[in-house]
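In what follows, a structure is listed as structure tokens, so that the remarks can point back to it.
The values are calculated or read from the model by the stated rules, or taken from the named source; none is laboratory data. In this text, all values refer to a predicted model and were calculated from it rather than measured experimentally. Glycine also receives a Cβ, built like all others from the backbone with ideal geometry; neighbour counts cover every protein chain displayed.
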Amino acid sequence: MLQQVEEISVNINRCVIASNAKTARKKVYLLSLEPALFQMKSNNLGAVRSSRVKMGDLSASWVLENPIDGRHDHPKSFQMVEDPFQSGMTFEEKTEHPPDDHQAGEGELPYSRLSSMSPVKLKRREMRQERRNLRTAELIGKDKEANNQMAAAAIERSKGFDPIVKGKYSIWRSDYESPNSDSTLKLMLDQIIMAKAYANIAKSKNESDLYNSLMKHSKLSQHAIGEATSDVELHSSALNRAKSMGRVLSIAKDKLYDCLTVERKLRAMLQSTEENVSDLKKKSAFLTQLAAKTVPKPLHCLPLQLASDYFLLGYHSREDVNKEKLQDPSLYHYAIFSDNVLATSVVVNSTVLHAKEPNKHVFHVVTDKLNYAAMRMWFLVNPPVGATIQVENIDDFKWLNSSSCSVLRQLESARLQEYYFKANHPSSLSLGSDHLKYRNPKYLSLLNHLRFYLPDVYPKLDKILFLDDDIVVQKDLTPLWSIDLQGMVNGAVETCKESFHRYDKYLNFSNPIIYANFDPNACGWAFGMNIFDLKEWRKRNITGIYHRWQDMNEDRTLWKLGTLPPGLITFYNLTHPLDRGWHALGLGYDPALNQTAIENAAVIHYNGNYKPWLDLAISKYKAYWSKYVMFDNPYLRLCSISE
């Protein structure tokens with residue numbers, strides 16, 4: 001037994017001497033009431049000596065149990081608590097394999113086992129361990145969340161990948177690119193600029209050999225660059241060309257360099273380049289407008305074929321079906337005013353496809369005299385499944401004349417004809433791009449302004465959903481009829497973001513009339529998908545408000561462009577904002593729209609010049625529209641309309 005006591009002894013600085021082990025135990029027990037640790041040690045004569053050490057002299061890994069903690073059935077013992085972070089075992093291993101208090105042999109002294117902590121310290125230790133566990137779980141959760149975010153970001157970036165656009169793509173690379181990724185390209189471009197400057201100086205000083213050498217190396221460098229946008233796209237000979245150009249420029253600098261002369265040449269080149277850029281911008285704006293207004297050959301072919309068969313095959317004598325539904329206010333009515341057969345078919349097809357009850361949906365299509373036969377023929381041979389459709393000719397609305405319509409009255413004005421149709425000015429390019437689009441005659445088209453006469457066109461309806469022909473429907477639209485407009489006339493999605501698309505963007509607030517009646521920071525909204533309360537419209541005489549403002553703007557001092565400005569004025573403080581999820585705009589001009597917002601929208605709108613049926617269309621948006629085109633239709637195949 002003394003041997004076992006000796007094995008657990010430690011060096012301390014206070015001793016208790018006794019003649020035998022029993023007496024030593026008693027002294028140790030009395031001293032154990034003090035906050036200190038003890039050892040027992042025997043000598044060769046059998047005498048037992050015990051000693052103690054203060055708690056402050058021990059390391060933090062030692063703890064002491066209170067000897068009067070309630071476990072009086074056996075003597076207290078020492079216990080060494082090992083720091084889990086200093087041990088070789090992990091926390092999980094210690095949890096899975098806890099030490100067994102009953103593993104000590106029956107013959108061992110109680111002092112050979114280490115005592116446990118006091119209840120207070122034990123509670124603190126448990127709380128510390130609990131906090132560690134919570135923190136560990138929190139860190140693991142954050143790590144998983146970060147990984148999920150990275151994966152989601154990678155997926156979103158991959159969706160935006162456009163294989164048609166030439167450039168460098170890697171969905172895994174960071175947005176930061178090496179600043180030296182195009183250093184050689186920039187060097188060569190700078191060399192070409194300096195070569196042209198020195199060539200002009202050489203020519204003025206009759207240095208023909210140097211002039212020819214500079215021009216030759218400029219052409220070779222330009223050829224090596226080609227259409228490259230970074231060093232990796234340069235021709236293999238580019239670096240050698242840059243070195244050769246550097247040697248020629250060094251010679252030119254030695255012979256021709258004069259600070260003032262070079263400065264004048266560079267200033268002249270800068271001014272010339274700016275003028276060229278300005279001219280190119282004007283030409284680009286003109287060509288974009290021209291391309292947007294020009295009807296492609298296949299789209300010109302389609303109405304011709306349809307109109308021809310409409311009369312040759314006797315479809316002109318057919319009567320409309322389901323006439324009783326055309327004026328039933330309990331059904332869902334849509335108004336589409338368009339001269340584009342293909343675009344209108346996509347609007348109708350996409351709407352019917354997503355409608356839960358197609359038999360309750362009625363489409364009112366109004367077109368012009370030129371396209372009436374083609375439009376009616378298309379829907380006679382391709383009727384929407386379950387839905388009812390009515391095609392009308394705007395020329396049949398005899399009540400719509402110059403005495404009752406401001407737009408028709410303005411079209412009779414010689415001054416307005418001169419402005420829009422430029423009878424005495426053969427070129428419009430000199431006007432610049434700022435006002436070019438304002439001169440598009442479509443903005444005075446009666447078909448375009450018919451939206452302001454909806455109660456007159458459909459006198460027996462209470463509500464109607466107006467749709468442009470450049471939209472695609474992706475969800476069931478029937479919930480729009482149950483939205484409470486709260487006494488407003490127009491339900492539309494607002495388009496303002498920070499300072500953009502507010503009233504001051506569309507109206508001339510330098511005019512005192514506009515300034516006195518409207519708030520420049522009022523939020524704009526969009527035509528294209530609008531739910532109109534026709535009962536409230538008639539009650540408030542909205543068409544009369546439109547007429548008054550349209551007459552005041554005959555000289556175009558209040559606004560310049562289209563139907564949206566008079567719409568903003570007419571429905572000022574009469575528009576109920578709809579949730580943005582109903583209407584996503586910008587697919588006809590903005591290539592950087594949020595893909596998720598597009599896919600989740602009930603209606604997507606190709607407002608802008610890049611219509612989906614034109615070659616100008618933004619490629620990544622075109623699929624949303626083309627999937628509703630019946631490319632297997634014989635008329636479309638006959639006119640070579642394909643994906």
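One residue is enough: does region 571-583 have a residue meeting the conditions in a loop (DSSP other than H, G, I, E, B), among the β-branched types (Val, Ile, Thr) and in the same structural domain as VAL473 (by TED's automatic domain parsing)? Walk me through how you get there before you give the answer.
Step one: of region 571-583, the residues in a loop (DSSP other than H, G, I, E, B) are 571-574, 579.
From what is left, the residues that are among the β-branched types (Val, Ile, Thr) are none.
No, that holds for no residue.
Being of a type in the set (Gly, Ala, Ser), surrounded by 15 or more Cβ atoms within 10 Å (Cβ to Cβ), touching a Phe, Trp or Tyr at 6+ places or on another chain (Cβ under 6 Å) and touching a residue at least 40 places away in the same chain (Cβ under 8 Å), is that true of even one residue in region 527-546?
To start, the set of residues in region 527-546 that are of a type in the set (Gly, Ala, Ser) comprises 528, 544.
After this cut, where a residue has to be surrounded by 15 or more Cβ atoms within 10 Å (Cβ to Cβ) as well, the list is 528.
Narrowing the set further to residues that are touching a Phe, Trp or Tyr at 6+ places or on another chain (Cβ under 6 Å) leaves none.
No, because not a single residue in region 527-546 is of a type in the set (Gly, Ala, Ser), surrounded by 15 or more Cβ atoms within 10 Å (Cβ to Cβ), touching a Phe, Trp or Tyr at 6+ places or on another chain (Cβ under 6 Å) and touching a residue at least 40 places away in the same chain (Cβ under 8 Å).
When region 329-364 is filtered for residues that are over 30 Å from the mean Cα position of the chain (by Cα) and loosely packed, with under 15 Cβ neighbours inside 10 Å, the ones remaining, listed by number, are PRO329, SER330, GLU357, ASN359.
Could you give me the residue pairs with C-beta distances under 8 Å whose first residue belongs to region 384-398 and is at pLDDT 95 or above, whose second residue is surrounded by 18 or more Cβ atoms within 10 Å (Cβ to Cβ) and of a type in the set (Gly, Ala, Ser) wherever it lies, and which are 6+ apart or on separate chains? That search, which allows pairs on different chains as well, returns ALA387/ALA355. Being more than 22 Å from LEU446 (Cβ to Cβ) and among the charged types (D, E, K, R) is true of LYS535.
Output the residues belonging to region 223-237 that are outside any loop (DSSP other than H, G, I, E, B) and of a type in the set (A, V, I, L, M). If you could, list the steps in order and put the result at the bottom.
Start the filter on region 223-237 by keeping residues that are outside any loop (DSSP other than H, G, I, E, B), which leaves 223-225, 231-233.
Hits for region 223-237 are ALA224, ILE225, VAL232.
Any residue that is modelled with pLDDT of 80 or more, touching an Asp or Glu at 6+ places or on another chain (Cβ under 7 Å), closer than 30 Å to MET245 by Cα and surrounded by 11 or more Cβ atoms within 10 Å (Cβ to Cβ) - is there at least one of those in region 184-198? The answer is yes; a qualifying residue exists.
Within region 473-524, the only residue that satisfies the criterion of being small (Gly, Ala, Ser), touching a helix residue (DSSP H, G or I) at 6+ places or on another chain (Cβ under 8 Å) and outside any loop (DSSP other than H, G, I, E, B) is GLY491.
Every residue in region 354-376 that is in contact with a strand residue (DSSP E or B) (Cβ under 8 Å, 6 or more places away or on another chain) and of a type in the set (D, E, K, R), please. The answer is LYS360, ASP368, LYS369, ARG376.
When CYS496, CYS523 are screened for being under 30 Å from LEU461 (Cα atoms) and of a type outside the set (A, V, I, L, M), only CYS523 passes. Check THR495, THR478 and return the single one that is buried (at least 16 other Cβ atoms within 10 Å of the Cβ) and out of contact with any Ser or Thr (no Cβ under 7 Å at 6 or more places or on another chain). None of the others qualify; the one that does is THR495. When ARG556 is tested against the conditions (1) touching a residue at least 60 places away in the same chain (Cβ under 8 Å); (2) in a helix (DSSP H, G or I), the lone failure is (2).
Residue-by-condition table, conditions (1) farther than 23 Å from ILE483 by Cβ; (2) not in a strand (DSSP E or B):
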residue	(1), (2)
GLN550	yes, yes
LEU568	no, yes
ILE604	no, no
ASN609	yes, yes
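Residues in region 181-203 that are acidic (Asp, Glu) and in a helix (DSSP H, G or I): how many?
Qualifying residue count for the region: 1.
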